Every structure is written in C-alpha cells, then in structure tokens.
Amino acid sequence: MTFGFTRTVVAFLIVLFGVIILLMMSAVGNTIQQTTRIQATVAPFLACRFNNTTPSDIPVYSAPFSAEMLEIDTLADSVQALVITLRDTHVLVRIRGNYSGWVARDLGVLTGDCNLPEDQTPLTSFATICFYRPTERTTLYTTTDLQEPIQSLIPDESYVIIGQSETAYHIRINNFIAGYADKNKGLTRGACGLVPIEG
C-alpha cells in the first residue's frame, strides 16, 4: 500500500515537473520571439538614412557624379531615403523597391547608424559616364574657342564629359573646376552617345 502511494506521488511529481519545464520553455520561446519582433521593428529606425534638407527636389544620378546628363530621378523635399553605401561626395540611396541612385551628400544630412564601409569603386567603372582621355599633354580652357587656359590635362588620365561643342568637350574635374578640351587631342570612352550638344 505504501509502495503504491509512493509510486503515485513520484508519478505526480514527474508530471508536475514536466509541466513546469514546458511552461518555462514556452515563456523563453515567447521572450525570444518578442525580442526578435522588437529588433525587427527597431532596426529600420536605426538604419542609415539620407534626409533631403533642401527646400526643393534634388537630382538622383546614375553614378556618383553630379552632372545633368546623369540624372535619372529626383528626391523630394524632406524625404528620407535608406542609404546603401557612401562616398566622399555622394550617397547611394534606395528610392523604391530595388531601385536606387546617387545623391549629392552636401544636399542633406545622414541619420541613424551610418558606420558603413565607403564605396571605393573607381569612377571609370560606372558605365553611364562618358570620359575624355587626352592622348597628349593638353589644356583645359574656360570657353569653347579654347583661348583662355585654366590648367593642364594629364595624358591617359580620364575626365568626365558633361557636354560638347563642335570642336571641344566640356569636362568637369570636380565640383569646382570645369572647362573645355580640344576634341582632337584625346579619345572618349563610356556612354558618350548621351553627351548633349551645347549651344
């Protein structure tokens, strides 16, 4: 009789401990799920974002270079866009879905966790840009008549073309220096069929 009672008590305790363990495992599982849901909710807010701080739409470019011929879209005033990667002067942002483009970094501010690796892709690797490569030492001029020199151009260096006249390519060295180079003293490469004719 005592042995039967003991077996019943032991069985009851085993069942009780089993129920307690199941309840604890369920609670831990719920905590993990809740943590995952919280992390999934918080992550987008912590992601790096570019905020257009200008009072107007800003251009979105097909490459990290500000030129009218490279414009593919605009980013509206006060819009926040998810940052994919960074460069010194431009930021690659997601516009919608998988559609992305480059915006000038100085036209907005970055918020969130922007500790992203900087994109080091050479500008010459972007297929939408047209480049001028001098084949001899030549000069950059202020106007299409090639009369007022600005600086020398290095042979075999690649310069971005942003326009053209009948005799000269309008090239930009950076955001501050642009001018005209003699078409006969260099070659072109890249998407040069898109280069506009300037009046």
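The values are calculated or read from the model by the stated rules, or taken from the named source; none is laboratory data. Worth saying up front: this structure is predicted, and the values here are computed from it rather than measured. Here the Cβ is made from the backbone with ideal geometry for all residues, glycine too, and neighbour counts use every protein chain on show.
Things worth noting here:
- Within the range 138-147, one or more residues are out of contact with any Phe, Trp or Tyr (no Cβ under 6 Å at 6 or more places or on another chain), touching a residue at least 40 places away in the same chain (Cβ under 8 Å) and surrounded by fewer than 18 Cβ atoms within 10 Å (Cβ to Cβ).
- Scoring residue 38 on the criteria (1) at positive phi; (2) modelled with pLDDT under 85 leaves a single failure, condition (1).
- Among the residues making up the range 85-130, those that are surrounded by 15 or more Cβ atoms within 10 Å (Cβ to Cβ) and among the β-branched types (Val, Ile, Thr) are 85, 91, 93, 95, 103, 111, 128, 129.
- The residues of the range 82-107 that are among the small types (Gly, Ala, Ser) and more than 21 Å from residue 120 (Cα to Cα) amount to a single one, 97.
- Qualifying residue in the range 174-186 (condition: exposed (fewer than 13 other Cβ atoms within 10 Å of the Cβ) and modelled with pLDDT of 95 or more): yes
- Checked against the criterion of being closer than 22 Å to residue 89 by Cβ and over 32 Å from the mean Cα position of the chain (by Cα), the candidates 154, 150 yield just one match: 150.
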